[in-house]
1. Please tell me the relative contact order of region 96-147 in percent, rounded to the nearest whole number, where contacts are Cα pairs under 8 Å and at least six residues apart.
2. When ranked by the protection proxy of mean other Cβ atoms within 10 Å per residue, highest first, what sequence do the peptides 156-166, 43-53 form?
3. Can you give the net charge of the other residues whose Cβ lies under 14 Å from the Cβ of Glu52, counting K and R as +1 and D and E as -1?
4. Which sequence of Glu182, Glu153 reflects their accessible areas, 1.4 Å probe, from the largest down?
5. Any idea what the relative contact order of region 24-77 is, in percent, if you count C-alpha pairs under 8 Å spaced at least 6 apart?
6. Sort region 43-127 into rounded, prolate or oblate with this rule: let a ≥ b ≥ c be the square roots of the eigenvalues of the Cα gyration tensor; rounded if a/c is under 1.5, and if a/c is not under 1.5, prolate when a/b is larger than b/c, oblate otherwise.
7. For Val86, what is the net charge nearby, where nearby means another residue's Cβ is under 15 Å from its Cβ and Lys, Arg count +1, Asp, Glu -1?
8. Taking H placed 1.01 Å from N in the peptide plane, check which residues at least 5 places from Ser70 or on another chain put their amide H under 5 Å from its amide H.
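The values are calculated or read from the model by the stated rules, or taken from the named source; none is laboratory data. Every value quoted in this text rests on a predicted model; they were computed, and no experiment measured them. Note that each Cβ is placed from the backbone with ideal geometry, even for glycine, and that neighbours are counted across all protein chains shown. Calculation scope for accessible area: heavy atoms of the full protein, side chains included, ligands and nucleic acids excluded. Shrake-Rupley method; radii C 1.70, N 1.55, O 1.52, S 1.80 Å.
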Amino acid sequence: MLRLSLAAVLALFVVVSCDVYAQDSGLKTRELVAALDKTKYKKKEKPNVSIETYIDIKNQAAVRDPVEYSGSYESEDSEWSLSLHVERGGVVTGSGFDAMNGEINRRRSFVLKDATINGALLAGTKFYENGERRRVEAVFLNHTVASGKNANEIASHDTKFGIGFIETGTGSDYDTRRVFLERRGR
């Protein structure tokens, strides 16, 4: 009877732990997706001339079979790159590079280790050549950019699949940035 009770308590503990982890990763995914959204509007007026620009970036988590996340991802400005491989058994490996302090000609390579995928959330550690380690949390998403003169006059609307994350700088002259890497190939 004692063994049965202990087995039931252990099973309940495992189920509750898994449920809490799933809630945490779901919450983290939603927070990260929301942090990657951005709306920007500028209007400059001079005599006889008015210039308006509007950009609205919205993201939506893209939950897929984790194996489908395998591929090459790159930022539009070539400052960041990630090559990701996801095996059927859940093993996630990758490598890539980051621009140092926003400088494209100064890159630092990394290997992604201890990585996991839960829903659309990728978590792991970047191991750099110089021995530095940085924890990374990123989300696979559909990234939609609408641009035009203002919210009522949209000239273009473009949606791409990729991975997004928040990059925090390490130097005093490097700000926190929203980063989107579009999938370029499998």
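1. About 24 percent, as a whole number.
2. Values: 156-166: 16.0, 43-53: 9.0.
For the peptides 156-166, 43-53, the packing ranking is 156-166, 43-53.
3. Working: positive: Lys40, Lys42, Lys43, Lys44, Lys46, Lys149; negative: Glu45, Asp56, Glu153.
Local charge sum for Glu52: +3.
4. Details: Glu182 40, Glu153 90 Å².
Most to least solvent-accessible, the answer reads Glu153, Glu182.
5. 31
6. Note, shape of region 43-127 comes out oblate.
7. +1
8. Amide H neighbours of Ser70: Val86.
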